[in-house]
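Visitor: Take a look at this one; I'll ask things after.
The values are calculated or read from the model by the stated rules, or taken from the named source; none is laboratory data. Note that the structure is a prediction, hence the values are computed from the model and not measured. Don't worry about glycine lacking a Cβ; one is built from the backbone with ideal geometry, like all the others, and counts go over all protein chains shown.
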Amino acid sequence: MQHTIETKILKKNNELIDVDLSLSVLKNHKGMVIGSIGVINDITYQKWIKVALEESEKKFKQLYENAPIPYHTLSPNGEIASVNDKWCKILKYRKEEVIGKSIFDFVIKSERKSAKDSFEKKILKKKPYTGGHERTYVTKDGEERIFIIHDYFSFDEDKNVMSIHTTMEDITQRQQVWDKMMKSEEKYRVLAETSADGVLTTDVLGRLTYINPSLEKILGRRKSNILATLFRDYLSESSVYLFQQVFLDIRKKEKKMENIGLDIIHNGGYEIPVEANISPLKKDGNFIGIECTIRDISERKNIERELKQSEKLRTEFMNIAAHELKSPVTPIKGYLELIESDKDADEKIKNWARVGLRNAERLMRLINDILDVSRLDTDTMRFNMEKCDLTEIFDDATEDIEPDIETKNLKFIRKIPENLSKIVCDKYRLSQVLKNLLGNAIKFTDYGSITLMAEEKEKHLFIYIKDTGIGISSDETKKIFTKFYQAYTGEDRKNEGTGLGLFICKEIVKKHNGEIWAESKVGKGSKFTIKLPI
């Protein structure tokens, strides 16, 4: 009789090893036990292999269960042998609900037959699909989920398929994004094809990769004849360099550039002015070209030319009319001054002369304003620029307005620091600006004060004219420096004016590289600021 036991023994070098011990009883011819014989087999390595296999199987099972993607194992007839936790979580089934069932029961109906046919062919050929294939499954609550399927076969010794191990990559969200992108792209294509503006795209070298029908019309060329050619080949010489610079800037800065003026050469040989908005095209973060909208602005250019011509004619007319008016007004004004100063003239006649003189001076101011506007529009106003002592300019302006301040019984406040820096200016024109602003302040102030102030800061001279008059609304403040604009034009307005004074002030200050602006509140007075470089 033989007995086998597994135990451990200690070798001579004190190493403990695993062994199989087989013991057989020895008997004599009478059947009496006379001893035993044993065979010792070292199983240390086999034992280690067994433990390693058990550990490996345990780890595989853990990986299988905890895998971040769905995983199932099928029998050769398509029955589910096992599924992992991720599979259950995504498809919303419990394991006991799916084990033993056909995998095709969980495939969308429209794909079941093709899925089953392809599965049977794979089993027959003993080869899974290479690269994976797309399949739609249905969750327990009816939601459709799209997966990329990868199958791996296990074979027995005779190379028959024992089981099919399948990983499933959920691409539902990716597919939804792709579908939206395709719809958006289709929408963009329809918009581009029906747009009244020209639309084009290029590659990194500036070769045309797409043009819409409107651009075909602008170019006078068919799409088939110009695709893959350089867009710059259809631009005027003056526009080629500009386009190249813009193209390089967009490639470098990866920013959109708008309202680029270009001239396109029509197939008929004439130039068409266009306005381009250009954006970079990117793929995977890399620059792959540009997309561009092209608007034909020929009609706008024609209107601009007509407006410029009309403006020129209007300016010329104003200039001629002003000169013609000035010729008779000058002697009229002179004779009225003689009558007013004549000691022998009747007082009644002198009063008439004063009224006539006042209106003649008003007309002369109007004529001078029209002439100034004409000179500014045609850039023919002369400026005698020199270093000026500001005190003289302030004194000159103050002297002119003092009689009007006294007449209206207003308080005049002057805050001018001593030793102000000299500035480069036209003394006469700057004095004209101050007189105009001070005159307006007096005109629109019935009670309170008029203030003239100056200060130096940040390498600039700041001049302030403040009043306590009727004020201007915030909307009006933005418009008062435009030509012919008057803040109040009602029939009951008390103050006369043409709406040219502040426009002239602004243009004169601009010629001095300065700025002018107004701050005001209705009923709280106004403050005009002039900023000039020192």
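Visitor: Of all residues in segment 90-102, which are within 18 Å of H150 (Cα to Cα) and touching a residue at least 40 places away in the same chain (Cβ under 8 Å)?
Guide: I90, L91
Visitor: In the list I320, I288, I332, which residue meets the criterion of being at pLDDT 80 or above and among the hydrophobic types (A, V, I, L, M, F, W, C)?
Guide: After applying the criteria, what remains is I288.
Visitor: Filter segment 238-258 for residues that are basic (K, R) and loosely packed, with under 12 Cβ neighbours inside 10 Å; which is nearest to I288 (Cα to Cα)?
Guide: Checking each candidate, the answer is K252.
Visitor: Another question, then. Would segment 510-521 turn up any residue that is of a type in the set (A, V, I, L, M), part of a loop (DSSP other than H, G, I, E, B) and either at pLDDT below 90 or assigned by TED's automatic domain parsing to the domain that holds R429 (or both)?
Guide: No, segment 510-521 contains no residue that is of a type in the set (A, V, I, L, M), part of a loop (DSSP other than H, G, I, E, B) and either at pLDDT below 90 or assigned by TED's automatic domain parsing to the domain that holds R429 (or both).
Visitor: Just for segment 44-86: of the residues that are within 53 Å of the chain's Cα centre (by Cα), at pLDDT below 75 and part of a helix (DSSP H, G or I), which one is farthest from D117 (Cα to Cα)?
Guide: K59
Visitor: Mind listing whichever residues of segment 279-297 are touching a strand residue (DSSP E or B) at 6+ places or on another chain (Cβ under 6 Å) and either surrounded by fewer than 12 Cβ atoms within 10 Å (Cβ to Cβ) or closer than 13 Å to L235 by Cβ (or both)?
Guide: Once the filter is applied, which keeps residues that are touching a strand residue (DSSP E or B) at 6+ places or on another chain (Cβ under 6 Å) and either surrounded by fewer than 12 Cβ atoms within 10 Å (Cβ to Cβ) or closer than 13 Å to L235 by Cβ (or both), segment 279-297 yields C292, I294.
Visitor: So which pairs qualify, if the first residue must be in segment 2-24 and closer than 14 Å to I43 by Cβ, the second must be outside any strand (DSSP E or B), the Cβ gap must be under 7 Å, and the two must be at least 6 apart or on different chains?
Guide: I17/K11; I17/T44; D18/I43; D18/T44; D18/K47; V19/I43; D20/I43
Visitor: Please state which one of E316, E299, E306, E311 is under 19 Å from S195 (Cα atoms), more than 25 Å from the chain's Cα centre (by Cα) and part of a helix (DSSP H, G or I).
Guide: Unique residue meeting the criteria: E299.
Visitor: Considering only residues that are assigned to a loop (DSSP other than H, G, I, E, B) and either at pLDDT 80 or above or crowded, with 16+ Cβ neighbours inside 10 Å (or both), which ones fall in segment 344-390?
Guide: D346, M381, R382, F383, N384, M385, D389
Visitor: Would you confirm, using the coordinates I've provided, whether I393 is under 20 Å from H512 (Cβ atoms), touching a residue at least 12 places away in the same chain (Cβ under 8 Å) and surrounded by fewer than 16 Cβ atoms within 10 Å (Cβ to Cβ)?
Guide: For I393, the condition - under 20 Å from H512 (Cβ atoms), touching a residue at least 12 places away in the same chain (Cβ under 8 Å) and surrounded by fewer than 16 Cβ atoms within 10 Å (Cβ to Cβ) - is not met.
Visitor: Keeping to segment 413-448, report how many residues are closer than 27 Å to L366 by Cα and part of a strand (DSSP E or B).
Guide: 1
Visitor: With the requirement that a residue be exposed (fewer than 15 other Cβ atoms within 10 Å of the Cβ) and within 17 Å of K478 (Cβ to Cβ), what does segment 520-534 give you?
Guide: Once the filter is applied, which keeps residues that are exposed (fewer than 15 other Cβ atoms within 10 Å of the Cβ) and within 17 Å of K478 (Cβ to Cβ), segment 520-534 yields K521, V522.
This table checks each residue for (1) touching a Lys or Arg at 6+ places or on another chain (Cβ under 7 Å); (2) without any contact (Cβ under 8 Å) to a residue 40 or more places away in the chain; (3) not in a strand (DSSP E or B).
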position	(1), (2), (3)
R112	no, yes, yes
E120	no, yes, yes
I123	no, no, yes
R135	no, yes, no
D141	yes, no, yes
I146	no, yes, no
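To keep it simple, each residue is scored yes or no on (1) within 18 Å of T136 (Cα to Cα); (2) assigned by TED's automatic domain parsing to the domain that holds T166; (3) touching an Asp or Glu at 6+ places or on another chain (Cβ under 9 Å).
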| site | (1), (2), (3) |
| --- | --- |
| H72 | yes, yes, no |
| S75 | no, yes, no |
| S82 | no, yes, no |
| I90 | yes, yes, yes |
| Y93 | yes, yes, no |
| I103 | yes, yes, yes |
| K116 | yes, yes, no |
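Visitor: Looking at L235, L227, L205, which one is modelled with pLDDT of 85 or more, surrounded by 14 or more Cβ atoms within 10 Å (Cβ to Cβ) and outside the structural domain of I108 (by TED's automatic domain parsing)?
Guide: Selected residue: L235, the only one of L235, L227, L205 that is modelled with pLDDT of 85 or more, surrounded by 14 or more Cβ atoms within 10 Å (Cβ to Cβ) and outside the structural domain of I108 (by TED's automatic domain parsing).
Visitor: Any residue at all in segment 470-491 that is among the acidic types (D, E), over 15 Å from I516 (Cβ atoms) and modelled with pLDDT of 90 or more?
Guide: Looking through segment 470-491, none of the residues is among the acidic types (D, E), over 15 Å from I516 (Cβ atoms) and modelled with pLDDT of 90 or more.
Visitor: Say whether the condition of being under 30 Å from S238 (Cα atoms) and not hydrophobic (A, V, I, L, M, F, W, C) is met by at least one residue in segment 311-327.
Guide: yes
Visitor: I would also like to ask the following. Does S154 satisfy the criteria of being out of contact with any Asp or Glu (no Cβ under 8 Å at 6 or more places or on another chain), part of a strand (DSSP E or B) and modelled with pLDDT under 90?
Guide: yes
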